[in-house]
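A short write-up of the structure that comes next.
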Amino acid sequence: MDQLSIILQRFSMNTKVFFTGNLCGISNFNKEPNQGHLHLLCNGELTLIDEQGHSQLVNEPTVLFFPTPHAHRIIGSEENPPELVCANIIYNESTTNPVANALPSLLCFKLSDCKNLKQTAELLFDEAFSERYGRLPMINSLTNIFLIHVFRHVLNNNMMQHGLLAGLAHPQVSKVLLAIHDSPERQWGLEEMAELALMSRSKFSELFKRIVGQSPGDYIIDWRIIVAKSLLQQNKPVALVANAVGYENGSALARVFRKKLGISPKQWLEQNS
């Protein structure tokens, strides 16, 4: 299985379209926990203002994607009102999404930059601005598909220089990430990971840290915690969760949780259930 599929299957990421049509005046979008925003401009003109007050004019079919919570405003042109599809990107309520967190606060690119993005957007616009049976579930499904095309576009064009997505796009580092994501329970050693990358241990360690932003060992611990959180929310016993992410027992997992999060797995679950 490919790198992106493993992550998308592991973590909840769904879209919910909340607006379709011509946008008039000023619309404010608040910062909501574990939620991003996706705006697709079909035609017309708008001005986007981010939470730092930076503004940009958009006047052709464009993707505006805030992967993580980010307050912003959209001002529609009075002379050339923008026709938009706007959706919330909803992540698992109590866990962070490593793909979203690896992206910049805003991704902005033209629909014409990618054939698949443009084709899916055209299908989405056709459904969004019609009154067919099953319109709402159709546009939500198409928006989910569109979002995957966005992630593919980022990976295929090496748009990230650092972080998880940069690692997934790197031919050698990605092999190691894929193996870690697929088998977090394995006792990964530096030598084994370096062999997967066909590199010496020192060169691999330096490359991994430079591309991903942390050492292989720290990344494994963080990934195990992310997976453990997901399993705990499925009401799996702590001991079983510990074994599933490479720890001998619940006490060992609890030590890692306390070191990284300051609380035990059970306390974390109580706070996030």
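Only the coordinates and a few stated rules stand behind these numbers; no lab work does. What you see is a predicted model; the values in this text were computed from it and never measured. Note: ideal-geometry Cβ built from the backbone for every residue, glycine included; neighbour counts use all protein chains shown.
Observations, loosely collected:
- Over 26 Å (Cα to Cα) - which of Lys203/Lys229; Lys175/Lys209; Lys203/Lys259; Lys16/Lys118 fall in this group: Lys203/Lys229; Lys203/Lys259
- When each of the peptides 152-158, 175-181 is scored by how many other beta carbons lie within 10 Å of its residues on average, the order from highest to lowest is 175-181, 152-158.
- Of all lysines in the structure, those lying under 17 Å Cα to Cα from Lys236, and not within fewer than 8 positions of it along the same chain, are Lys266.
- Shape class for region 220-273: rounded, because the ratio a/c of the largest to smallest gyration tensor axis (alpha-carbon atoms, square roots of eigenvalues) is under 1.5.
- If you plug the beta carbon distance of Asp113 and Leu190 into 1/(1 + (r/R0)^6) with R0 = 30 Å, you get a FRET efficiency near 0.20.
- Mean separation of Cα contacts under 8 Å (6+ apart) over length of region 64-119, as relative contact order %: 57 percent
- Length-normalised contact order for region 170-271 - Cα pairs under 8 Å, 6+ apart - percent: 22 percent
- Matching label, Kirkwood radius over Cα pairs in Å computed from the structure shown, candidates [x] 22.2; [y] 20.3; [z] 21.5: [y]
- Computed on the chain, with alpha-carbon pairs under 8 angstrom and 6+ residues apart, the relative contact order is 17 percent.
- Exposed GluC sites (Glu not before Pro) absent - longest run of the chain, DSSP non-H/G/I/E/B, at most 16 other C-beta within 10 Å: 186-247
- Here is the list for region 110-144: trypsin sites (Lys or Arg not before Pro) lying in DSSP coil, each with at most 13 other C-beta atoms within 10 angstrom of its C-beta, are Arg132.
- 10 °C / 1.306 mPa s Stokes-Einstein diffusion coefficient of region 3-156, Kirkwood radius on C-alpha pairs, µm²/s: 101 µm²/s
- Between Phe29, Gln56, Leu123, the Cα set farthest toward the positive side of the dipole of the chain (charges on each charged residue's Cβ, about the Cα centre) is that of Phe29.
- Three semi-axes of the equivalent ellipsoid, region 129-220, Cα gyration tensor, whole Å, largest first: 37, 14, 9
- Peptides 24-34, 250-260 ranked from most to least packed by the mean count of surrounding Cβ atoms within 10 Å: 250-260, 24-34.
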